[in-house]
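Worksheet: the structure to be examined is printed underneath.
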Amino acid sequence: MKVDLKKELDDYRARPGEFRFLDLPPRRYLAVDGHGDPNTAPEYAAALGALYPAAYAVKALARAELDRDHVVPPLEALWWADDMERFTTARDKSQWSWTVLLLVPDWVPDELVSRALERVGRKRPRPAALDAVRLLGLAEGRCVQTLHVGPYDDEGPVLARLHDEVVPEAGMRPTGKHHEIYLSDPRRVEPARLRTILRQPVEPVEPVEPVAVAT
């Protein structure tokens, strides 16, 4: 039976207008790092051009050797900028850094992933960014996430509310990088119907210890 992790894991559950706190276990991803506007930066397209062949090679080897088949999970990405306003409100994409991700199932050993990358490397044409693909362990722990429906460029107000209202009101603060999960294929879905999970790892705000004043 083919496993669809998007349907099986709590990681992929979110509703529009609802900011849900959840605790996530460590996950492993195929990952490629980069910088710049994802709509125009050649390295972003090259990253996807290496990431997907690697993920399908992992799928093929797992099916052949482990007798376990799975649907390649949706694309994910970590996003950050030196000034987060360039991400949440100003949306200055030229200043964004990113790590694009595809989840590796828990039952797939690291050694199989390495051999999958070697298999892709023997194919012609060889993906230009294949050497940049790495196996990334991500332990986000406590997170808050919501579902955004609509164009990517309309995420700003939702992100501002998450960072400026939801997280502080819960006695938390952001930690780690902003995480997005793309449940829709933008090649097949019109912008108004795109479904994107917006996730932010958080941690409790440490109580401030009172300072003793000499009298």
Scanning the stretch 142-171 residue by residue, those without any contact (Cβ under 8 Å) to a residue 40 or more places away in the chain and either open to solvent by less than 40 Å² (accessible area, probe 1.4 Å) or closer than 26 Å to Arg28 by Cα (or both) turn out to be Val167, Gly171
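Quick grid of which residues meet (1) buried (at least 20 other Cβ atoms within 10 Å of the Cβ); (2) in contact with a strand residue (DSSP E or B) (Cβ under 9 Å, 6 or more places away or on another chain):
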{"site": "Asp33", "(1), (2)": "no, yes"}
{"site": "Pro42", "(1), (2)": "no, no"}
{"site": "Ala47", "(1), (2)": "yes, yes"}
{"site": "Tyr56", "(1), (2)": "no, no"}
{"site": "Pro73", "(1), (2)": "yes, yes"}
In the set Ala116, Ala139, Ala128, the lone residue that is open to solvent by 70 Å² or more (accessible area, probe 1.4 Å), touching a helix residue (DSSP H, G or I) at 6+ places or on another chain (Cβ under 7 Å) and in contact (Cβ under 8 Å) with a residue 40 or more places away in the chain is Ala128
The one condition Tyr152 fails out of (1) in contact with a Phe, Trp or Tyr (Cβ under 7 Å, 6 or more places away or on another chain); (2) under 27 Å from Val72 (Cα atoms) is (1)
Listed by range, strands (runs of 3 or more DSSP E) wholly within the stretch 116-215 having at least 1 residues that are at positive phi are 141-149
In the stretch 95-113, anything open to solvent by less than 60 Å² (accessible area, probe 1.4 Å) and closer than 24 Å to Ala41 by Cβ is listed as Trp96, Ser97, Trp98, Thr99, Val100, Leu101, Leu102, Leu103
Q: Inspect the stretch 17-30 for any residue being buried (at least 17 other Cβ atoms within 10 Å of the Cβ), over 30 Å from Pro204 (Cβ atoms) and either in contact (Cβ under 8 Å) with a residue 60 or more places away in the chain or touching a Gly at 6+ places or on another chain (Cβ under 9 Å) (or both) and give the result as yes or no.
A: yes
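The values are calculated or read from the model by the stated rules, or taken from the named source; none is laboratory data. Computed from a predicted model, the values in this text were never measured in an experiment. FYI the Cβ positions are ideal-geometry reconstructions off the backbone, even for glycines, and counts take in every protein chain you see. When the accessible area is computed, the model is the full protein with side chains, heavy atoms only, and any ligands, DNA or RNA have been set aside. Shrake-Rupley method; radii C 1.70, N 1.55, O 1.52, S 1.80 Å.
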